[in-house]
Amino acid sequence: MKIIICDSYKELSQKAADLVIDRMIRKPDLVLGLATGSSPEGLYANLVEAYREGRIDFGQASSYNLDEYVGIAHDHPQSYHRFMEDHLFSQVNLSRERIHFPDEEADFAHYDRAIEEAGGIDFQILGIGPNGHIAFNEPQDRLYLDTHVAQLTPSTIQANSRFFDSEDQVPRTAVTMGMGSIMKAKEILILANGPKKVEAVAPLLRGDRVYTGSPVSLCLLHPNCTLIVDREAAGDLAK
Ligand code: F6R
């Protein structure tokens, strides 16, 4: 795993955008795997700016989002559809037919097949939950490979309650890509910032073991994975 430690969230977001922009220029029909949440917000803002400046074009690109809550409408302020709309889709020329979310399939297995038929995800963007989850693959003994419905753990419900009026309003389940869906991506970029991510990032910085109690640690096995982290999230392990 390639590790880049940044001094600020601004620098992290710039470095992340530089990588995505480079891949989009090399392959205009890039298949993007997209995450929501606070970690990639700066990256998406930089991509919108690059698009406005004519440095990138989403005309041939396509996207597959990692996850979506169950039980809230797509136009709900906290739905992941709405997040993507606000932060990226409404501001760039990514064609509607090429935007995909896992909960839109009647049969979730079809989502993984659709990704395969599109040639696989070229570039997967990931955030990390404070408990080490990626997408909604929560720490547990057995991790699912394919797209599935996941129960959110109490710690994720609590972490995500910052976006809702109260913890009661956070959905308890979500449709999520599985570990296999994610690990099949040709390239993975993991973003983590802030002091709440210290424990989640530590297994990646130590880099000496993988375990299902830290789903993100499995990314250590991926042949083309970059972690961009700020000093606060790297904590004492920052060199
Ligand atoms: C979001 C997702 C989640 C988040 C993670 C970190 O699509 O898949 O795994 O990436 O919960 O969230 P933030 O970035 O808000 O700290």
- [ ] Please identify, among Ile134, Ile190, Ile25, the residue showing maximal mean-square fluctuation in a Gaussian network model of the chain using a 10 angstrom Cα cutoff.
- [x] Ile25
TODO: Apply the Karplus parameterisation 6.51 cos²θ - 1.76 cosθ + 1.60, with θ equal to phi minus 60°, to every residue of segment 145-159 and state each ³J(HN,Hα) to the nearest whole Hz, in sequence, with x for glycine and proline.
DONE: 7, 9, 4, 7, 8, 10, 8, 6, 7, x, 5, 6, 4, 5, 4
Task: Average Cα contact separation per residue, the chain, under 8 Å, 6 or more apart, as relative contact order % - done: 25
TODO: Taking the Cβ of each residue in Lys2, Lys186, Lys27 as the centre, tally the other Cβ atoms inside 10 Å and list the residues starting with the fewest.
DONE: Lys2, Lys27, Lys186
- [ ] Calculate, in nm to one decimal, what Asn224 and Phe163 gain on full extension: separation in residues at 0.36 nm each, minus their alpha carbon distance.
- [x] 18.8 nm
- [ ] From the C-alpha gyration tensor of segment 1-147, pull out the three semi-axes of the equivalent ellipsoid (sqrt of 5λ each), sorted largest to smallest, in whole Å.
- [x] 23, 19, 16
- [ ] Please order Thr147, Thr36, Thr173, Thr212 by the number of other Cβ within 10 Å, starting at the fewest.
- [x] Thr173, Thr212, Thr36, Thr147
- [ ] Relative to the compact-globule scaling 2.2 N^0.38 Å, provide the ratio for the alpha-carbon radius of gyration of segment 146-197.
- [x] 1.38
TODO: Just check segment 109-239 against the gyration tensor rule for me: Cα atoms, a ≥ b ≥ c as the square roots of the eigenvalues, rounded for a/c under 1.5, and otherwise prolate or oblate depending on whether a/b exceeds b/c.
DONE: oblate
Task: Unsatisfied cross-links (Cα-Cα over 19 Å) in the set Lys10/Lys186; Lys2/Lys196; Lys2/Lys186 - done: Lys10/Lys186; Lys2/Lys196
Open item on the list: Among Gly33, Gly71, Gly194, which one shows the highest mean-square fluctuation when the chain is modelled as a Gaussian network with alpha-carbon springs under 10 Å?
Closed with: Gly71
Task: Per-residue ³J(HN,Hα) for segment 181-197, Karplus 6.51 cos²θ - 1.76 cosθ + 1.60, θ = phi - 60°, Hz, x for Gly and Pro - done: 4, 6, 5, 6, 4, 6, 9, 10, 10, 10, 10, 8, 9, x, x, 6, 9
Task: Mean residue ellipticity (222 nm) of the chain, computed from DSSP H runs ≥ 4 via -39,500 (n - 2.57), nearest 500 - done: -8500 deg cm²/dmol
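Read the figures in this text as sums done on the coordinates, not as results from a lab. Computed from a predicted model, the values in this text were never measured in an experiment. Cβ coordinates were reconstructed from backbone atoms using ideal geometry, including for glycine residues, and neighbour counts include every protein chain displayed.
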